[in-house]
1. Filter segment 60-79 down to residues that are out of contact with any helix residue (DSSP H, G or I) (no Cβ under 9 Å at 6 or more places or on another chain) and over 12 Å from residue 106 (Cα atoms) and give me whichever is surrounded by the fewest Cβ atoms within 10 Å (Cβ to Cβ).
2. So which residues in segment 30-67 are more than 15 Å from residue 137 (Cα to Cα), in a loop (DSSP other than H, G, I, E, B) and touching a strand residue (DSSP E or B) at 6+ places or on another chain (Cβ under 9 Å)?
3. Given the conditions (1) farther than 13 Å from residue 139 by Cα; (2) modelled with pLDDT of 90 or more; (3) open to solvent by less than 50 Å² (accessible area, probe 1.4 Å), and given that residue 120 satisfies all but one, which numbered condition is not satisfied?
4. With 97, 152, 139 as the choices, which residue is open to solvent by 20 Å² or more (accessible area, probe 1.4 Å), assigned to a helix (DSSP H, G or I) and within 16 Å of residue 36 (Cβ to Cβ)?
5. Filter segment 100-127 for residues that are without any contact (Cβ under 8 Å) to a residue 40 or more places away in the chain, outside any loop (DSSP other than H, G, I, E, B) and of a type outside the set (A, V, I, L, M) and give the result.
6. Do you know which residues across segment 113-168 are within 21 Å of residue 62 (Cα to Cα), over 18 Å from the mean Cα position of the chain (by Cα) and polar (S, T, N, Q)?
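The values are calculated or read from the model by the stated rules, or taken from the named source; none is laboratory data. The shown structure was predicted, so the numbers you read here are calculated from the model rather than taken from an experiment. Please note: Cβ atoms are built from the backbone with ideal geometry, for glycine as well, and neighbour counts cover all protein chains shown. Just so you know, the surface numbers come from the protein's heavy atoms only, side chains and all, with ligands and any DNA or RNA stripped out. Shrake-Rupley method; radii C 1.70, N 1.55, O 1.52, S 1.80 Å.
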Amino acid sequence: MASVAPASEASMQASSVSGPLDSSSIRSTTDIPHLLPKPARPSPLLKDGEISNLLQHVSTWSLGKEGEKSALTRDYKFAKFKYAVEFVNDMVEIMKDENHHPVVVLNFRDVGVRTHTHCAFHEGADGSQIRDQGVSAFDVRLAMRVEKLYNDYVARGYHFVPKPKPSS
């Protein structure tokens, strides 16, 4: 089992903020490059090629499944349970702001996120909109914002860092 290396004193001092992030910094989207505009509802499902192109901006996320439907997935690991809980609470602010609610699993220091859109559609052969579920721009936008939040946690030294294995 891997152990956690504590953040160095210097890295903790370099961080100007401690404790949970304030909601204004969580809700800020101005410093996220390539952030998609908020899509309209219902939103069209993205095709695999579109998803691949957009995942270049959040390469730590992957295309997976939530039940039978396509979903964006990402697992996070934190140095302490407290940080994982704070991260989930901060994610709630993003979810409320986006009006998009993924599956979030908190398991000690691990947080899993699975997101897909329930109110999406694909085009039928006749051009009609057929209600469906899967990955839409809502999911990519949420992934971008959650990844930015996680990067803020990394900058504060709250993420899991395995101790290097001793050389023989």
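1. Among them, the one singled out is 68.
2. 60, 67
3. (1)
4. Answer to the check: 97.
5. 107, 110, 112, 118 - these are the residues of segment 100-127 that are without any contact (Cβ under 8 Å) to a residue 40 or more places away in the chain, outside any loop (DSSP other than H, G, I, E, B) and of a type outside the set (A, V, I, L, M).
6. 133
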